[in-house]
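See structure below.
The values are calculated or read from the model by the stated rules, or taken from the named source; none is laboratory data. Model, not experiment: these values are computed from the prediction. Here the Cβ is made from the backbone with ideal geometry for all residues, glycine too, and neighbour counts use every protein chain on show. Areas reflect the complete protein model, heavy atoms only, side chains present, ligands, DNA and RNA absent. Shrake-Rupley method; radii C 1.70, N 1.55, O 1.52, S 1.80 Å.
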Amino acid sequence: MQISDVETATDVNAGLTSREVRERLTRHGYNEVPEKKANPALLFAMRFWGITPWMLEAALVLTWFLGKHLEFYLILGLLFFNAALGFFQENRANAALQVLKRRLEIKARVKRDGEWLAIPAREVVPGDVLRLRAGDFVPADAKLAEGGLEVDQSSLTGESLTVGKVAGDAVLAGSTVKKGEATAIVLATGIRTRLGRTVELVQLAKPRLHMEEVTSRVVRWLLIMVASLLALGLILAAIEHTDVVEILPLTAVLLVSAIPVALPTLFVITMALGSSELARRAVLVTRLSATEDAATMDAICVDKTGTLTLNSLSIIDVKTVGGHSTEDVLLYGALASQEADRDPIDMAFLAAAKGVRAPLSDYLQKEFTPFDASTRRTEAVAMKDGQRVFVFKGAVNVIVPICRQGEQELARIQSDVDALAAKGHRLIAVAEGSSTTDVRLAGVAALYDTPRPDSSGLVRELQSLGISVKMLTGDALPIAQGVAEQIGLRHGIKTMTELRDVADENRVVQTVAEADGFAEVYPEDKHLIVETLQRRGHVVGMTGDGVNDAPALRQAEVGIATSNAVDVAKKAAGVVLTTGGLKGIVDLVKTGRRIHQRIVTWTLNKIVKTFLVVVLAVVGFVVTGDYVVSVFSMVLFLFLTDFATLSISTDNVRYSTKPDRWDIGWLVKVGVSLGLLVAGQGMLLIYVGFYRLGLRDDISQLYTAVFDFLVFASLFTLLTVRERGRFWDSTPSKTLVLSVLAAVAAVFLISRFGVHDLAPISPAWTLAIMGYSAFVCLLVNDYAKALLLKKFRGPVSL
């Protein structure tokens, strides 16, 4: 058969040759439109907009008004440093996402040099012979040569209904194939298509993260705390008839203390490192929020085929009826298959038919109706010597009813069929006939998809992490039970028929929650199962690979497309696995929980640190009548400690053994309690220095002593709160240790030589303050932290 169009005369049976592809690629270019790059200057300017830049800018205005020019320039430098670092890290993250994007390019099935190949869609050229099936994105404008499709063109035309396409009709780039299969000839690519660009498989959007929202709420709470204590200071100043202008330095100190300088950069680095780590483990995160959702996931619905099993089907037994031979069953099953689709069942029949040398070449397949979830069968019309043969294959309970005397024929081999099903084999019935009304059952083939060797161990590991694993399969109950038994799911597999028979809504929810899985599941049932679990309060993960899995993948908090998923399923998911099995899901959960723990550590440390500074500054001012913390020392403190906390993103934290939960109340209770304790220890140091060591006569040395304590206490508190047990239960990362040592060395240098209003003090004093800080934070406060965690029993304790 030949089809002709502008520059696209192509033999559908052979496709283009390699030479023709090279020539057309040179002439037409790649099937893509160059991406417009955002203006880097504008992106950098946007780094000065947001809660953190606004707070720094407010501090700039205040320090300029107070005439503290050095502090002004330091804060200005901090503002630009923060913007530059964030800009640099975001560019690195975007570069990593571009690498990820290339790994998730749409694939297209084309015939070249007589062979079907899967190639990146950007390499499609005009004249290519294209194979389209349900779930595919159409990668280029094309004309159907044979077959029929139902396509969704809503992204192009706004039409909500699918549109039928038959041979001779055009399909447009960017359409989604909802039903059917067809062979088409590519007419236009790249900027020459109606769409004007190749539709991307994955929208690598960067939504506002839930973690970021939670932490922003904490920062807002810190600002309220600062404002409250500042108001208290103003009231006391009014009582003492102190000039309000004298309170402005205190205002600047408190404002600077609450600025989350490292927050934006911390998120970018943490998420980028987490995504890179997962990519190395064959897990591609396409929606950043999926990583944090995985930390809170407590139930996951898993497709049996390809995830729990190897998805490598082979025919291991054939039971024949009605005088048909094994070769007949394999022949008719192969004729009801399509090699171009690379469907596992189709490939098993084709391989088995070739293995017994069935006369496939004697037949010409004229029509083919692919598998559809609503019919659960394939059928074809083949020609031999001018005679038409109708062939069918599909689930036993689907094929038998369309056969003449199908029930009686099946009864003769029912015991054998039941025995095969009990072993966990997948049964496919095959039928043939001279018309659609004269169909005879040929036999039943047993296919076996072996469970992956690691499935049972990984199921146990997910369960040990507090995640309920539920197996979903379209297979019959005996097959599902056989596989479930082998992988360790022994709490009962239900059928969807049983679930539908339950009238009471509460009982439905309970049944779904308690069952280990469901058999005879249609794609639309998966959405119902996910939604039911969510109504019970579960955070649900869902794996899927088909076009009809997309609604369930979108509904689930963690949608996971398997390695063999169609384009639509991958687009709907937030995570794409590039290898089979559960290993990637386990890695996703563990990495998500580690990221969660790092963010919790940063948040808890920020609360403690801010509360420490605010209490010391306000109470110190009220008790002594002097400022114990200068604006300059606060800026320096912020710079040394906030950017040291960036190393938390690399810390060797332990993932929690149960799903994580965010609880701001818990964070505030623990953070404020520890902050009060450290502040009390700081007040004791101020008392000793102010009244016992005579530092009241040299306020600059008091500034230095308090500065030393603030930095040391913050660094040692970081080492305390990073571990939910005792601080020695796990080893910090090398980067974190080096960051802490660098900050300690900087404090010793500043204290030895003095800077601005921080007067030099004896190294012995600095060493004594460090020793005191280490003792109270790593021993006293670490013990207190353990008691607080036990008392409040927060959701993120290990």
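Figures for the structure shown
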| item | result |
| --- | --- |
| Accessible-area value, LYS583, 1.4 Å probe, nucleic acids and ligands omitted, Å² | 90 Å² |
| Prolate/oblate/rounded label for the range 518-677 (Cα gyration tensor, a/c 1.5) | prolate |
| Cα pair count fraction exceeding 12 Å, expressed as % - the range 302-346 | 70 percent |
| Per residue convex hull volume, Cα atoms of the range 487-588, in Å³ | 101 Å³ |
| Among 707-717, 436-446, 763-773, 470-480, the order from most to least packed when residues are scored by Cβ within 10 Å on average | 707-717, 470-480, 436-446, 763-773 |
| Separation of the THR735 and ASN652 label points, Cα + 7 Å toward Cβ, nm | 1.5 nm |
| Inter-label distance for TYR783 and TRP116, nm, one decimal - labels placed 7 Å from Cα along Cα-to-Cβ | 7.2 nm |
| Backbone N within the range 764-794 under 20 Å of label point (7 Å from ASP663 Cα along the Cβ vector) | 783-794 |
| Per principal axis, descending, Cα span of the range 498-537 in whole Å | 22, 21, 17 |
| Estimated FRET transfer efficiency (TRP54, HIS491; beta-carbon r; R0 51 Å; 0.05) | 0.45 |
| q = 0.09, 0.11 Å⁻¹: log10 I(q)/I(0) that the Debye formula gives for the range 638-785, counting C-alpha atoms only | -0.31, -0.46 |
| For peptides 401-413, 295-307, sequence by mean Cβ density within 10 Å, most packed first | 295-307, 401-413 |
| Förster radius 30 Å - calculated FRET efficiency between THR450 and LEU364, Cβ distance, rounded to 0.05 | 0.30 |
| Area of SER464 that stays accessible when all protein chains are in place (1.4 Å probe, Å², to 10) | 80 Å² |
| Cα gyration tensor category, rounded, prolate or oblate, for the range 385-528 with a/c compared to 1.5 | prolate |
| Long-range HN-HN contacts of VAL124 with modeled amide H, under 5 Å | ASN31 |
| Whether the range 730-798 is rounded, prolate or oblate, judged on the alpha carbon gyration tensor where a/c under 1.5 counts as rounded | prolate |
| Simple label model, 7 Å out from Cα along Cβ direction - LYS354 to GLN414, nm | 3.8 nm |
| Added length on full extension, which subtracts the Cα-Cα distance from 0.36 nm per residue, ARG376 to ARG536 | 54.5 nm |
| Paired Rg and Dmax values of the range 265-310, which use every Cα atom, in angstrom | 13.1, 41 |
| Two-decimal Rg to Rh for the range 320-477 - Kirkwood Rh, Cα set | 1.04 |
